[in-house]
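Q: Structure incoming, see below.
The values are calculated or read from the model by the stated rules, or taken from the named source; none is laboratory data. All of these numbers come straight from a predicted model, not from anything done at the bench. Don't worry about glycine lacking a Cβ; one is built from the backbone with ideal geometry, like all the others, and counts go over all protein chains shown. Surface areas here come from the heavy atoms of the whole protein model, side chains and all, with no ligands, DNA or RNA. Shrake-Rupley method; radii C 1.70, N 1.55, O 1.52, S 1.80 Å.
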Amino acid sequence: SSFWEKSDSWYLDTLSTDSNQIDVFYLISTDVVSAKDSCGQEVWRSTLSKEDRAAMEKEMSYVRNKLFYGDFNFFSPYHHQFTFNVILQPDDTLNIVRQEVAEEVCEAFDYYMKHWNNGRRFVLAGFSQGAMHMLDLLRHMSDEQFSRMVAAYEIGYRLSEADLQHPHIRPALGETDSQVVVSFNSVLSPQGIWPLVSEGAVTCINPVNWKTDATPASFSYRELPGEVRVDTTLHVLLVDIEPESFHTWMDNPVFKSAGVSQDCLHHWDLLFYTNYIHDNALKR
C-alpha cells in the first residue's frame, strides 16, 4: 500500500473532496504501447516512466475535464497497466499479465475506499483495458461497497454470459437503473468487431437514447452528423457516420499489427458519448 500513499500515484487535480458530490473512480485505457526495463529488455507492463505518465495523464485529464467535471470528485490511479504489445502475445501471457494488473487495480481501489471515499456514493468507470479491469474490481468489492455504487461505465468492452453470473455484474436496461453495468462497443460495420473487446458480448446499451433495442439515435462528433443503434444479435453499436477520417486514423500500424479492422470505432467509444455519459451519471 505504500505505493498508493504517494500523491504521484494518483491523478489529483485537487486534494480536497466535496462531501456533497459523487466520487468517480476511473481506470484508464491502454496508453503505453511498449515498455523496457533498465536493461533494455521488453516488459509487458508500464514502468510508469515520464513518457508513460504523460500519456496516461492526457487521458485522465480529458475524462476529468470533459466527462466527469463539475459535480464529481475524481480519482484515477497511475497503475502499471499492461502494454499494447502484450495484446499481440499468446492468450495465456496476456491473461497472466492482466491478472497482475487487476490485482494492483483492486489494491488502489481499497486504498481509495479506506482513505478517501468516506462513505460517499461513487461511480466506477473504465475505458478499454480499464473497463476490463473494472469487471475484476466489481467481483472484488464488498457487498457494502457495491450497495453505494451508482453505476459502472464499462466503455468499449463487453459483458459476457460468464460475467453476468456474478451478483455485482448486472447489465443496464434503461436510463436510470442503478448498481448496473453500462456496456457498449462501437463499429462502422460488423466487420469492425474487435474480438479482444467485443467477443462474447450478450448485452449492449445505446448511450445516446439508453435503449437496448434497435431504436436509432442521432448524435454528432466534431460537426459530423451520425446515427447509432444497437445490433441486437451481435450486441454492438452500429454507427452510421462518414467513415473517411475514422478509416484514416485506424490505418495506424499499432492497430494493423493487432489485426483490427478499419471499421472498428473502439478509439471513439469514449469520445463520441462523453456528454451523454456525464449527464447520465448524474441522472442515475
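Q: Given the conditions (1) modelled with pLDDT under 95; (2) assigned to a loop (DSSP other than H, G, I, E, B), and given that residue 196 satisfies all but one, which numbered condition is not satisfied?
A: (2) is the only condition that residue 196 fails.
Q: Any residue in region 159-185 that's without any contact (Cβ under 8 Å) to a residue 24 or more places away in the chain: show its pairings with residues that are in a loop (DSSP other than H, G, I, E, B) and surrounded by 14 or more Cβ atoms within 10 Å (Cβ to Cβ) at Cβ separation under 6 Å, as long as the two are six or more apart or on different chains.
A: Note: pairs meeting the criteria are 170/180.
Q: Another one. With the structure loaded, tell me whether residue 138 is open to solvent by less than 10 Å² (accessible area, probe 1.4 Å), under 21 Å from residue 23 (Cβ atoms), among the aliphatic types (A, V, I, L, M) and not in a strand (DSSP E or B) or whether it fails that test.
A: For residue 138, the condition - open to solvent by less than 10 Å² (accessible area, probe 1.4 Å), under 21 Å from residue 23 (Cβ atoms), among the aliphatic types (A, V, I, L, M) and not in a strand (DSSP E or B) - is met.
Q: Might you let me know whether region 46-54 holds any residue that is among the hydrophobic types (A, V, I, L, M, F, W, C), in contact with a strand residue (DSSP E or B) (Cβ under 6 Å, 6 or more places away or on another chain) and surrounded by fewer than 21 Cβ atoms within 10 Å (Cβ to Cβ)?
A: No, there is no match, as no residue in region 46-54 is among the hydrophobic types (A, V, I, L, M, F, W, C), in contact with a strand residue (DSSP E or B) (Cβ under 6 Å, 6 or more places away or on another chain) and surrounded by fewer than 21 Cβ atoms within 10 Å (Cβ to Cβ).
Q: Quick one: residue 100 ticks every box in (1) open to solvent by 10 Å² or more (accessible area, probe 1.4 Å); (2) within 17 Å of the chain's Cα centre (by Cα); (3) within 20 Å of residue 31 (Cβ to Cβ) except a single one, so which number is it?
A: (2)
Q: Quick one: how many residues across region 232-253 are under 22 Å from the mean Cα position of the chain (by Cα) and surrounded by 15 or more Cβ atoms within 10 Å (Cβ to Cβ)?
A: Total satisfying the criteria: 8.
Q: Tell me, which residue of region 201-251 that is aromatic (Phe, Trp, Tyr) and assigned to a strand (DSSP E or B) is farthest from residue 270 (Cα to Cα)?
A: Top of the filtered list is 219.
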